[in-house]
Amino acid sequence: MPWKWSWLLEEAGVRKLLSTSSLLYRYLLGRGDGASEVVKCALCPNMCRHACPVSIVDGRETTSPAGKSRLAMLMERGLLELNQETVKPVYACLSCEACKRWCYFEFSVSELLQRVKSKSVSAGFAPPGALEVLSNLRSYGYAYGRPGRVAPQRGEILYLAGCTVREYLPGLAEKTVKLLEENGWKVAVVDEKCCGVPAYYLGDLELFKEVARTSRETVSESGAETVVTSCPSCTYAMRVLYPRFGVKLSFRVLHITELLSQHLNRFKTSSNKSVKVTYHDPCKLSYSLDEPDLLRNLLVSFGVTVVDPWRRGRETFCCGYGGGLSFSHPQLAKMIAGERVRELSQYAELAVTACPTCKLAFQSNGYNAVDIVELVYDLTR
Ligand code: SF4
Ligand code: SF4
């Protein structure tokens, strides 16, 4: 099968140039060779900028994808001092991976920025909101400070609500457990720990590994073979990031949308309920877990009339609160959420999403959003 960017090599005449330009050859074909990745991105004319929500809303060169890589490159080479001010734009990233979708090298800028973020965390230069979350994770294994305790219950499938649901949307956790139990699962819950993904986004990789190991132990002790999460970032952390960091799992991890779509026949919806909604594909589900159509397909399967928004599926637009941006740059996070709300509200008064952080972002910015679980819960009674 041809590589998806083969056309670009042909178009640029690279094959003819190979013999005369080894620099161009190394630049275009030397993908994935570690240290030089941030340099390649820094030299790129921002080819993914049109898809980056931060760039679209903030509009500044320094917070554009290549702009952030340029800063990171200069700091890594000691050409720009790393301090609280210089590192600020580096944290203006949602870790949404919209850039990766358009990048010839398939770079995720958020990953290219990890080294500089790590250094800034060690030096105490990360934005104050980010440092606070990291301190909470270190002290409590919870993103928002000291958590309330959860009374464990045993079952065949373990539900992990995640920090945002526990802190801000406890009703969603209750409905999720009830919906699953009503439809044939015996649901286990534990006094869960954060999956650690905020530490990964904010650049404390040692802390991420530590929280990941604790979280894995908590799940393993429950004896569950299947874990289901409300938050796609928790699924992404456990399924994709944990193995990358050597934290091996003895259980499988599913996002709630994956579980629902695998067991559609268990759910009976009430035929007299007609609902018309638009929807918001969470970036972690669409991009990072490569499930761009899952939410829409689920809605259609449950008989919901959907109005497609302009930015959806493989071209979705982050809610603004991803990647810890609401901690590091709360104002910018609000502006991006506002942009997304403006778009979605043109299509319908209600949007359905599949990520508690997105729901929180929209609700906090005056737009009515429900999680797919809440919608299915209502449709099945
Ligand atoms: S992520 Fe890729 S497309 Fe975007 S600026 Fe960097 S190298 Fe260019
Ligand atoms: S991860 Fe998202 S916010 Fe960060 S540079 Fe890429 S597109 Fe922009």
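The values are calculated or read from the model by the stated rules, or taken from the named source; none is laboratory data. Worth saying up front: this structure is predicted, and the values here are computed from it rather than measured. Methodologically, a virtual Cβ is constructed for each residue, glycine included, from the backbone with ideal geometry; neighbour enumeration extends over all protein chains shown. Accessible surface areas use protein heavy atoms only, side chains included; no ligands, DNA or RNA. Shrake-Rupley method; radii C 1.70, N 1.55, O 1.52, S 1.80 Å.
Here is the figure for segment 141-159: residues that are under 22 Å from the mean Cα position of the chain (by Cα) and either surrounded by 14 or more Cβ atoms within 10 Å (Cβ to Cβ) or assigned by TED's automatic domain parsing to the domain that holds residue 70 (or both) total 6. Out of contact with any strand residue (DSSP E or B) (no Cβ under 6 Å at 6 or more places or on another chain) and modelled with pLDDT under 95, is that true of residue 302? Spelling it out, residue 302 is indeed out of contact with any strand residue (DSSP E or B) (no Cβ under 6 Å at 6 or more places or on another chain) and modelled with pLDDT under 95.
Considering (1) assigned to a helix (DSSP H, G or I); (2) at pLDDT 95 or above; (3) within 14 Å of ligand 1 (Cβ to nearest atom); (4) touching a helix residue (DSSP H, G or I) at 6+ places or on another chain (Cβ under 7 Å), the lone condition that residue 50 does not fulfil carries the number (4). Take residue 167 and decide whether it is more than 16 Å from residue 327 (Cβ to Cβ) and either in a helix (DSSP H, G or I) or open to solvent by 10 Å² or more (accessible area, probe 1.4 Å) (or both). No; evaluated as a whole, the condition is false for this residue.
I'd like the residue in segment 178-202 that is among the charged types (D, E, K, R) and assigned to a loop (DSSP other than H, G, I, E, B) and, out of all such residues, is farthest from residue 110 (Cα to Cα).
Initial filter on segment 178-202 (among the charged types (D, E, K, R)): 178, 181-182, 186, 191-193.
Now restrict to residues that are assigned to a loop (DSSP other than H, G, I, E, B): 186, 191-193.
Values: 186: 38, 191: 31, 192: 27, 193: 24 Å.
Applying the filter and picking the extreme gives 186.
Rundown of residues vs (1) closer than 30 Å to residue 178 by Cα; (2) at pLDDT 95 or above; (3) not aromatic (Phe, Trp, Tyr), yes/no style:
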position: 69; (1), (2), (3): no, yes, yes
position: 77; (1), (2), (3): no, no, yes
position: 85; (1), (2), (3): no, yes, yes
position: 98; (1), (2), (3): no, yes, yes
position: 108; (1), (2), (3): no, yes, yes
position: 121; (1), (2), (3): no, yes, yes
position: 133; (1), (2), (3): no, yes, yes
position: 152; (1), (2), (3): yes, no, yes
position: 159; (1), (2), (3): yes, yes, no
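Does residue 111 count as more than 15 Å from ligand 1 (Cβ to nearest atom), among the acidic types (Asp, Glu) and open to solvent by 10 Å² or more (accessible area, probe 1.4 Å)? Against the criterion (more than 15 Å from ligand 1 (Cβ to nearest atom), among the acidic types (Asp, Glu) and open to solvent by 10 Å² or more (accessible area, probe 1.4 Å)), residue 111 does not qualify.
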